């Protein structure tokens, strides 16, 4: 009996899933497995909000796989051990997965591929979560791009356009029995403890989001139909609902960038000049995600090490516990920052313009190390992405690739006046914060002008140090 294993990770969908298609093709029995791996060296544990999303995404995926005749097997443990056990239990002939691009993930995948091939298995990995493989987009000098605009231009000028999305398999083979004749064991999802219980803070997330592949496809269609033509003009205004809201679906692979690329291409082919203009702007944001993953591939320590080594000498002090708590809880007395942080806590997301302002305030007005903020977002965002989250925090700090200059300090008051002129977003999350008789809104914890000047003085001391980008790391798994 031909038995194949498909190992799912950040690709929780049945459509446009190359590994799933390859595993199902010609198989008599199919093991579709998701491994909750919090033990393998270097694998970053999920944050609270992404655990909540993962639970519901796996529920939705299990239902879709069951409707196709298959079974989603859940296992917890170090992936290397779990995969070895599955191969032994099922006498599998092959194993397939879609590639990951973090350093620890690539090393783990390479180790498993070597083990599987040595055992005589057909072991193959596929491109599924980025439009262009990181080793294929290079500067004229053969080095990775570190500036977004020429990077994205190079991608768009690539002669090999992104492949067409794959259809979901018409049917999936059933799961095999174990060598002892018993049904193959699958963990009970509820025992993984992914959902918050004491207390359950997820009511706002459940109200805000529909999770799963069907929800992702519906959200893309709704964006194309109702929001795309407003995107370029309104994307920076947090009170307007014009963004795609696809980021958490992309983070968990409930939809692929190939599906988005070609759906937008269809819209462009049947649309007018407004559709073309807004499509270009929207796809550039998809391109930033792509750029972030290319950075992560070449610089795997993106979430922990300054991309620009000048910042290694910056005298970050320990954050003041009260100031940090005020920032986390939306009690800084700076309205746009507080509105964003309260949106984050309530819904697991934050408008991108406000993310930049909130991050700038923490890093530059409070002089807190960007890694502290990156970790908080990692724990509280439903779209906490290993590439985009780290790259974006470093961008704001000035330490990253193509970063905002160190002297750019977002002024939250001016940003609110410009992008939320009627204060609709502020009132949505702060209530009548301006009325002293109706609100207990706090006084600012810092003076914006004084703290800006303090930050500029501190950052300016770095400018005499020659720029020294850390060398990229080579490929370990394809």
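No value in this document is a laboratory result; all are computed from the given coordinates. Everything quoted here is computed from the prediction, not taken from an experiment. Neighbour counts are summed over all protein chains in view; Cβ atoms, including those assigned to glycine, are modelled from backbone coordinates with ideal geometry.
List of remarks:
- Whole-percent pair-distance distribution, where bins are 10 Å wide, for the alpha carbons of the range 156-208: 15, 18, 20, 29, 17, 2
- Length added when fully stretched, residue 329-residue 461, from 0.36 nm per residue minus Cα-Cα: 44.4 nm
- Placing dummy labels 7 Å off each Cα toward the beta-carbon, the span from residue 274 to residue 210 is 2.5 nm.
- For the range 180-229, the alpha-carbon radius of gyration amounts to 1.83 times the rule-of-thumb value 2.2 N^0.38 Å expected for a compact globular protein.
- Contour excess over end-to-end distance, with Cα ends at residue 422 and residue 2 and 0.36 nm allotted per residue: 144.8 nm
- Residues within the reach of a label modelled at residue 316 (point 7 angstrom out along Cα to beta-carbon, backbone nitrogen below 19 Å), restricted to the range 20-49, are 44-45, 47.
- Full extension of the chain segment joining residue 440 with residue 88 gains 120.5 nm, where the gain is 0.36 nm per residue of separation less the Cα-Cα distance.
- Two-decimal log10 I(q)/I(0) for the range 264-366, as the Debye equation yields it once each C-alpha is a single scatterer, q = 0.20 Å⁻¹: -1.10
- Principal axis box of the range 309-464, alpha-carbon based, largest edge first, Å: 50, 34, 30
- Nitroxide proxy distance, nm - points 7 Å out along Cα→Cβ at residue 225 and residue 157: 3.9
- Residue order for 262, 185, 351, fewest other beta carbons within 10 angstrom first, comes to 185, 262, 351.
- In the calculated pair-distance distribution of the chain, the portion above 40 angstrom amounts to 23 percent of the Cα-Cα pairs.
- Theoretical FRET efficiency, 1/(1+(r/R0)^6), r = Cβ-Cβ of residue 379 and residue 114, R0 45 Å, to 0.05: 0.85
- Share of pairwise Cα separations in the range 320-360, more than 13 Å, in percent: 43
- Whether the range 282-333 is rounded, prolate or oblate, judged on the alpha carbon gyration tensor where a/c under 1.5 counts as rounded: oblate
- In the range 1-127, the inverse of the mean reciprocal separation of distinct Cα atoms equals 14.8 Å; this is its Kirkwood hydrodynamic radius.
- Sorting 337, 446 by the number of Cβ atoms found within 10 Å of their own Cβ, with the fewest placed first, yields 446, 337.
- Estimated FRET transfer efficiency when R0 is 51 angstrom, pair residue 63-residue 265 (beta carbons, to 0.05): 0.95
- Angle in degrees between helix 79-90 and the longest Cα principal axis of the chain, rounded to the nearest 10: 20
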